[in-house]
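The values are calculated or read from the model by the stated rules, or taken from the named source; none is laboratory data. Small disclaimer: the values here were computed from a predicted structure and weren't measured. Backbone-built Cβ (ideal geometry, glycine too); neighbour counts: all protein chains shown. Side chains are part of the model used for accessible areas, which takes the heavy atoms of the whole protein and leaves out ligands, DNA and RNA. Shrake-Rupley method; radii C 1.70, N 1.55, O 1.52, S 1.80 Å.
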Amino acid sequence: MLKQSLQQKLAQKLSPQQIKLMKLIQLPTIELEQKVKEELEENPAIEEVTERTDPSEIEDYDAREEQTIDTQEINIDEYLSDDETPRYRLVANNVSPDQEDKSIPVAMGVSSIEILEKQLALRDLDDHQYQIGLFLIGCVNDNGYIRREFSAIVDDLAFTQNIVTNEQEVLRVLEVVQDFEPTGIGARNLQECLQIQLKKKSTTDPIELAREIVSGHFNALSKKHYDKLLSRLSVTEELLKKSLKEISKLNPKPGAFGSSKVVQHIIPDFRISIVEGQLDLTMNTGMIPELRINSSFKDLLQSYKETNNVKDRERKDAVLFVKQKLDSAKWFIDAIRQRHHTLMLTMSAIMNFQEDYFLTGDERALKPMILKDIAEKVGMDISTVSRVANSKYLDTPYGTFLIKYFFSESMKNNQGEDVSTKEIKMILDEVVQNEDKTQPLTDAKLMSLLKEKGYSIARRTVAKYREQLGIPVARLRKEI
């Protein structure tokens with residue numbers, strides 16, 4: 001049965017301007033530079049400042065704005081439209097926004113695939129084998145391995161390249177590819193990769209033993225069961241050490257060469273320096289120009305006020321366009337200033353919170369700090385602080401760090417004091433570095449040592465911190 005009813009509720013929603021401001025806050029400096037350039041190109045109401053901007057200019061626009069447009073003569077709904085100009089008028093060949101290419105051309109060097117293809121062209125292969133070789137090179141992953149099954153490669157060659165072959169022929173061509181530089185490329189697994197590299201080395205006693213270890217005792221080698229290797233191979237401990245040293249020189253990832261990847265350079269968003277014993281915080285504005293509202297657009301709006309005639313449809317559209325561009329320009333300039341204020345306020349709170357560390361550089365001086373602590377200090381939401389911390393870098397006298405590096409949870413030591421988890425990780429790393437490598441410490445022993453130092457944590461927590469530090473288990477840290 002249908003019935004009508006009234007319901008009253010209160011809800012909060014972010015305005016489009018607030019959402020865009022949050023996105024601006026999240027942008028690092030280099031991306032903000034690009035965003036400002038795009039805005040300067042798209043909105044003619046914004047211009048760069050060659051001289052200092054008088055803040056009264058924006059206020060003057062506000063005053064003019066109130067007197068310029070008669071809301072009874074212009075449709076308010078039309079004025080509040082999301083887009084000032086139809087997108088198709090701004091895009092060449094009527095390309096949709098999703099299809100528009102916004103990528104930035106980047107100068108690239110010779111890729112690893114091209115290097116392998118050049119070597120393939122120098123080999124004495126017929127056209128049939130050459131095409132198989134090209135396909136195999138395309139199957140090489142970033143680490144230099146071919147992980148696909150031969151049966152799948154044969155099927156793909158038949159269905160996608162119209163090349164009929166068999167696994168034996170593919171294997172013969174693969175042996176040609178595996179003879180390329182860098183040595184070990186095109187291997188199907190780590191064992192084969194090491195075997196290829198050892199095969200090309202000059203034969204000596206350690207190399208000969210290394211070949212035998214990799215080919216016949218790879219499982220014991222990978223698990224570092226050195227006692228088993230000594231008993232099975234009947235060699236001296238000194239010769240085994242030399243062989244293991246030769247194996248450690250081999251490259252387990254031969255595909256990491258060439259310049260197919262772009263190196264991402266870090267540009268710090270903030271810089272902290274020590275001036276006369278006091279911390280000084282500056283914000284890196286990079287090449288971001290100071291912006292202001294184009295005075296010619298304000299004059300256009302003023303001329304409309306003086307004529308006060310919008311009966312003509314074309315003139316009304318022109319006035320609406322000018323006003324929308326002015327409003328968009330004013331908002332963007334205000335958003336840039338608000339972003340600067342928010343970032344400086346948040347970073348200042350972080351700097352003051354971790355003052356002891358920034359003055360000394362001692363990581364043990366880092367205090368436990370979570371997003372909520374900073375959010376309460378600056379009076380902002382946790383999500384805003386998170387946007388600042390997750391994408392911004394800080395340049396300090398001790399190095400450049402992602403801001404979130406300075407956040408850590410707290411734990412209580414035996415004296416009941418709150419200590420940072422970073423401090424515990426540092427002690428854990430120090431203990432592992434100084435351990436006896438012939439008898440590395442297990443997680444249980446590490447837990448006991450930390451407990452003796454005043455940090456009562458569980459074994460599984462020790463394992464978690466160890467993994468976060470990139471420290472392998474005791475068995476894999478063993479040496480002879």
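Here are the numbers for the structure shown:
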{"quantity": "Those chymotrypsin sites (Phe, Trp or Tyr not before Pro) in the range 339-419 that DSSP places in a loop and that have at most 15 other beta carbons within 10 Å", "calculated": "TYR398"}
{"quantity": "Relative contact order for the range 325-464, counting Cα pairs under 8 Å that sit 6 or more residues apart, in percent", "calculated": "17"}
{"quantity": "Sulfur and carbon atoms: percent of accessible area, the range 346-418 [1.4 Å]", "calculated": "44"}
{"quantity": "Cut-off under 5 Å, modelled amide H: who pairs with ILE46 long-range", "calculated": "ASN294"}
{"quantity": "Charge sum, other residues only, whose C-beta stays under 13 Å from ILE207's C-beta, Lys/Arg counted +1 and Asp/Glu -1", "calculated": "+3"}
{"quantity": "Listed residues ILE132, ILE274 arranged by accessible area, highest first, probe 1.4 Å", "calculated": "ILE274, ILE132"}
{"quantity": "Solvent-accessible ranking of HIS217, HIS265, HIS128, HIS341, largest area first, probe 1.4 Å", "calculated": "HIS265, HIS341, HIS128, HIS217"}
{"quantity": "3J(HN,Hα) from dihedral phi, the range 19-32, Karplus parametrisation 6.51/-1.76/1.60, rounded to Hz, x for glycine, proline", "calculated": "5, 5, 5, 4, 5, 5, 4, 6, 5, x, 4, 5, 6, 5"}
{"quantity": "Share of carbon and sulfur in the accessible heavy-atom surface of the range 127-202 [1.4 Å probe, %]", "calculated": "45"}
{"quantity": "Where labels lie 7 Å past Cα in the beta-carbon direction, separation of GLU430 and ILE266 in nm", "calculated": "2.3"}
{"quantity": "Sequence-distant residues sharing a close amide H with VAL419 (under 5 Å, placed H)", "calculated": "MET411, LYS412, ASN413"}
{"quantity": "The range 327-377 - accessible surface per residue (Å², probe 1.4 Å)", "calculated": "44"}
{"quantity": "Loop sites in the range 373-460: GluC sites (Glu not before Pro), DSSP, at most 16 other Cβ within 10 Å", "calculated": "GLU409, GLU417, GLU435"}
{"quantity": "Karplus 3J(HN,Hα) series, Hz, for the range 382-396 with 6.51 cos²θ - 1.76 cosθ + 1.60 (x for Gly, Pro)", "calculated": "4, 5, 5, 5, 5, 5, 5, 6, 7, 10, 10, 10, 10, 9, 10"}
